Amino acid sequence: MNAVTDVLRDEPVSREIRAMVGDGRGLPGGERLRVTPEMVSAVIESPTGEGRPPLPNTEAVVLEFGRPSLLVRNGRFELPKSKEMRARLLPARQKLEAQLASVGRIEFRNHPRLRWGGTGWLIADKIIVTNEHVARNFAVRASRGYKPIADLVTGQEIATRIDFREEYQPSGERQRPGFEVAVRRVIFMAPETKGSADVALLELEQDDGLPAPIPVAAADPTDGLDIAVVGYPARDPGGVTSAEAALETFRDIYQVKRLSPGKVLIVEDDDWFFTHDATTLHGSSGSAVLDLNGNAVGLHFSGDLERANYAVKPTVLLDRLGKLKLHSSVLVPAVPPASIALEGVVGDYDDRAGYDPSFLGSTKALRVDLPTKKTAPRDLLTFGDGRSKTSELKYEHFSVAMSRKRKLCVWSAVNIDGSNTSSARRTGWRIDPRIPKDAQTVGGAGDLDIYGDAPKFARGHMTRREDPIWGLKERAKLGNSDSMHLTNAVPQMQPFNAGIWLKLEDYALEHAEEDKIRISVTSARSSTPRTPSASV
């Protein structure tokens with residue numbers, strides 16, 4: 001497999017190339033490199049090169065057309081030549097360009113060999129994420145934490161900074177000054193073992209001009225997702241198929257900020273990484289992999305020539321932030337309403353026992369009853385089979401109740417067994433078939449249009465997604481998917497939810513796991529979005 005194969009796998013781009021060649025038109029850049037439509041046809045018919053002579057110029061033109069690396073100038077990226085690629089990027093341009101300022105080049109002083117060593121981006125307040133193999137250029141592990149590398153000859157410690165500009169500026173134009181911020185310390189470097197995600201976290205010195213962190217997607221990407229990689233490709237002879245490919249794609253311009261569109265290739269549940277086909281080179285290590293909403297869906301760390309590029313999953317990054325007690329204060333965009341399409345049948349829920357008030361013990365002192373709605377009790381939504389009705393929607397290990405008027409969760413209650421927890425991948429949001437669809441806030445046209453990017457709200461769990469994931473594998477899996485019902489969601493104010501409230505949730509679950517105890521947690525929605533009260 002090679003870069004041309006990746007381009008041709010992208011069906012809309014492949015059709016565009018075939019149509020241009022079929023009409024006798026050449027691809028942009030072809031005339032300069034003496035690439036004819038017939039030569040492009042030969043590459044299309046045999047993209048792996050079997051049975052034809054090498055056509056490096058032609059491959060370079062196809063790659064630059066279908067997987068370009070676009071220069072960033074004055075905070076904007078140039079548009080691709082492909083109409084298909086342009087149609088993908090234009091609607092997303094504003095959201096993508098809003099994140100460009102948060103990506104920088106990692107630079108050194110007093111380094112004996114290097115002036116810079118990769119890319120990094122703001123993932124939380126004053127926190128840069130990059131690759132462990134990038135951090136190894138300037139830091140080493142010490143008995144307590146990490147320390148800067150010192151030059152063996154001069155004895156000077158390597159000083160590290162990140163420059164958030166370093167954009168392409170043609171000679172003759174007025175040069176924009178850089179925006180450099182010093183690295184204060186290394187917070188984390190992954191162990192140098194095969195199974196460890198290639199991640200490092202750096203703390204910056206305080207600077208009031210720092211751009212906002214890039215929002216990190218709460219779920220891993222899916223195969224075929226459109227992405228854009230933002231970083232600083234360096235001259236890398238081993239990273240391209242030929243000198244012609246490098247010349248056509250990068251125009252001999254390196255070490256400046258670029259945006260490279262592409263697609264996610266394969267995401268495996270059991271891996272900490274995924275593969276993608278955006279064009280990258282050596283200096284791209286540590287680049288931000290963005291979806292077209294401007295959310296970080298990965299951390300680029302490696303490329304394998306003519307096979308694939310690799311990136312760390314966003315859930316792995318968020319897990320590391322959580323373990324270090326680092327919580328981003330940025331808004332995590334809500335899941336688009338269009339993605340809510342999962343709806344089962346009533347019978348699917350027959351085996352759900354819901355919340356158990358006697359989970360902690362059968363005595364009165366240990367019993368934790370479900371919450372009671374004392375104000376406007378008739379506002380509780382009831383449902384049933386005509387013979388009996390209830391307001392309790394039972395799920396795996398937890399229960400919720402709904403408001404008729406607001407079409408939102410009033411309260412939730414969950415049992416947590418800290419001795420038997422596990423983890424599971426986040427699923428999509430679900431509609432509960434046991435109550436009318438119009439009694440649940442789906443969002444979008446014809447409904448309460450409250451979910452979306454700021455200033456709208458994000459969807460917040462009342463019962464935290466991780467809490468009911470315990471017990472036998474199949475039951476834990478149900479706890480995970482059940483937590484993703486719209487009935488368990490309310491509008492949330494993300495800065496509060498991802499800060500104070502998340503710390504409280506982390507504290508409860510982590511201590512239940514550490515002490516291997518059982519706890520019961522109830523959450524009730526107040527009159528303001530996602531400012532809940534809770535009892536443990």
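The values are calculated or read from the model by the stated rules, or taken from the named source; none is laboratory data. Because the structure is predicted, anything quoted here is derived from the model rather than measured. We place every Cβ from the backbone using ideal geometry, glycine too, and count neighbours over all the protein chains shown.
State yes or no: is Glu513 part of a helix (DSSP H, G or I) and modelled with pLDDT under 85? Yes, satisfied.
Among the residues of segment 146-158, just one is part of a strand (DSSP E or B) and among the acidic types (Asp, Glu), namely Glu157.
One line per residue, one yes/no per condition, for (1) over 20 Å from Ile253 (Cα atoms); (2) free of Cβ contacts under 8 Å to residues at least 60 places away in the same chain; (3) not in a strand (DSSP E or B):
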{"residue": "Lys95", "(1), (2), (3)": "yes, no, yes"}
{"residue": "Arg113", "(1), (2), (3)": "yes, yes, yes"}
{"residue": "Thr160", "(1), (2), (3)": "yes, yes, no"}
{"residue": "Glu166", "(1), (2), (3)": "no, no, yes"}
{"residue": "Ser171", "(1), (2), (3)": "no, yes, yes"}
{"residue": "Arg185", "(1), (2), (3)": "yes, yes, no"}
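Restricted to segment 1-40, and to residues there that are part of a helix (DSSP H, G or I) and of a type in the set (Val, Ile, Thr), the residue that is nearest to Arg88 (Cα to Cα) is Val13. Would you mention how many residues in segment 115-139 are assigned to a loop (DSSP other than H, G, I, E, B) and either surrounded by 13 or more Cβ atoms within 10 Å (Cβ to Cβ) or touching a residue at least 12 places away in the same chain (Cβ under 8 Å) (or both)? Of the residues in segment 115-139, 6 are assigned to a loop (DSSP other than H, G, I, E, B) and either surrounded by 13 or more Cβ atoms within 10 Å (Cβ to Cβ) or touching a residue at least 12 places away in the same chain (Cβ under 8 Å) (or both). Residues that are of a type outside the set (Phe, Trp, Tyr) and more than 20 Å from Glu166 (Cα to Cα) within segment 274-298 comprise Thr275, His276, Asp277, Ala278, Asp291, Leu292, Asn293, Gly294, Asn295, Ala296, Val297, Gly298, listed in sequence order. Mind checking whether some residue in segment 127-141 is out of contact with any strand residue (DSSP E or B) (no Cβ under 8 Å at 6 or more places or on another chain) and within 30 Å of Val186 (Cβ to Cβ)? No, segment 127-141 has no match at all.
Identify, from the list Ser388, Ser423, Ser362, Ser419, the residue that is surrounded by fewer than 14 Cβ atoms within 10 Å (Cβ to Cβ), in contact with a Lys or Arg (Cβ under 7 Å, 6 or more places away or on another chain) and not aliphatic (A, V, I, L, M). Steps first, answer last, please.
Details: Ser388 fails: in contact with a Lys or Arg (Cβ under 7 Å, 6 or more places away or on another chain); Ser423 fails: in contact with a Lys or Arg (Cβ under 7 Å, 6 or more places away or on another chain); Ser362 fails: in contact with a Lys or Arg (Cβ under 7 Å, 6 or more places away or on another chain).
From the options Ser388, Ser423, Ser362, Ser419, the qualifying one is Ser419.
Filtering segment 256-301 to residues that are among the hydroxyl-bearing types (Ser, Thr, Tyr) and within 19 Å of Thr5 (Cβ to Cβ) leaves Ser260, Thr275, Thr279, Thr280.
Could you go through segment 234-246 and let me know if any residue there is over 21 Å from the mean Cα position of the chain (by Cα) and at pLDDT 85 or above. Even if it seems obvious, please write down each step before you answer.
Taking segment 234-246 as the starting set, the residues that turn out to be over 21 Å from the mean Cα position of the chain (by Cα) are 234-246.
Among the residues that remain, those that are also at pLDDT 85 or above are: 234.
Yes, because at least one residue in segment 234-246 is over 21 Å from the mean Cα position of the chain (by Cα) and at pLDDT 85 or above.
Rundown of residues vs (1) under 19 Å from Gly231 (Cα atoms); (2) surrounded by 18 or more Cβ atoms within 10 Å (Cβ to Cβ), yes/no style:
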| residue | (1), (2) |
| --- | --- |
| Val103 | yes, yes |
| His111 | no, yes |
| Arg141 | no, no |
| Ile162 | yes, yes |
| Glu173 | no, no |
| Arg176 | yes, no |
| Val183 | yes, yes |
| Ala200 | yes, yes |
| Asp207 | no, no |
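Which of the residues that make up segment 98-126 are touching an Asp or Glu at 6+ places or on another chain (Cβ under 7 Å) and either assigned by TED's automatic domain parsing to the domain that holds Tyr254 or at pLDDT 95 or above (or both)? Working first, answer last.
Initially, segment 98-126 is screened for residues touching an Asp or Glu at 6+ places or on another chain (Cβ under 7 Å), giving 104-105, 107, 110, 112, 115-116, 126.
If the condition is that a residue be touching an Asp or Glu at 6+ places or on another chain (Cβ under 7 Å) and either assigned by TED's automatic domain parsing to the domain that holds Tyr254 or at pLDDT 95 or above (or both), then Gly104, Arg105, Glu107 are the ones that fit.
Put simply, of Phe301, Phe250 the only residue that is more than 23 Å from Pro91 (Cβ to Cβ), surrounded by 20 or more Cβ atoms within 10 Å (Cβ to Cβ) and either at pLDDT 90 or above or touching a Cys at 6+ places or on another chain (Cβ under 6 Å) (or both) is Phe301. Residues being among the small types (Gly, Ala, Ser) and part of a helix (DSSP H, G or I) are entirely absent from segment 375-395.
If you go through segment 194-210, how many residues are out of contact with any helix residue (DSSP H, G or I) (no Cβ under 8 Å at 6 or more places or on another chain), within 18 Å of Leu317 (Cβ to Cβ) and not in a strand (DSSP E or B)?
So in segment 194-210, the residues out of contact with any helix residue (DSSP H, G or I) (no Cβ under 8 Å at 6 or more places or on another chain) come out as 194-195, 203-210.
Keeping just the survivors that are within 18 Å of Leu317 (Cβ to Cβ) gives 195, 203-204.
Cutting the leftovers down to not in a strand (DSSP E or B) gives us 195.
Number satisfying all stated conditions: 1.
Suppose we filter Arg115, Arg144, Arg176, Arg109 for residues that are under 30 Å from the mean Cα position of the chain (by Cα) and basic (Lys, Arg); which single one remains? I'd like the intermediate steps shown before the answer.
Numbers: Arg144 fails: under 30 Å from the mean Cα position of the chain (by Cα); Arg176 fails: under 30 Å from the mean Cα position of the chain (by Cα); Arg109 fails: under 30 Å from the mean Cα position of the chain (by Cα).
Going through Arg115, Arg144, Arg176, Arg109 in turn, the sole match is Arg115.
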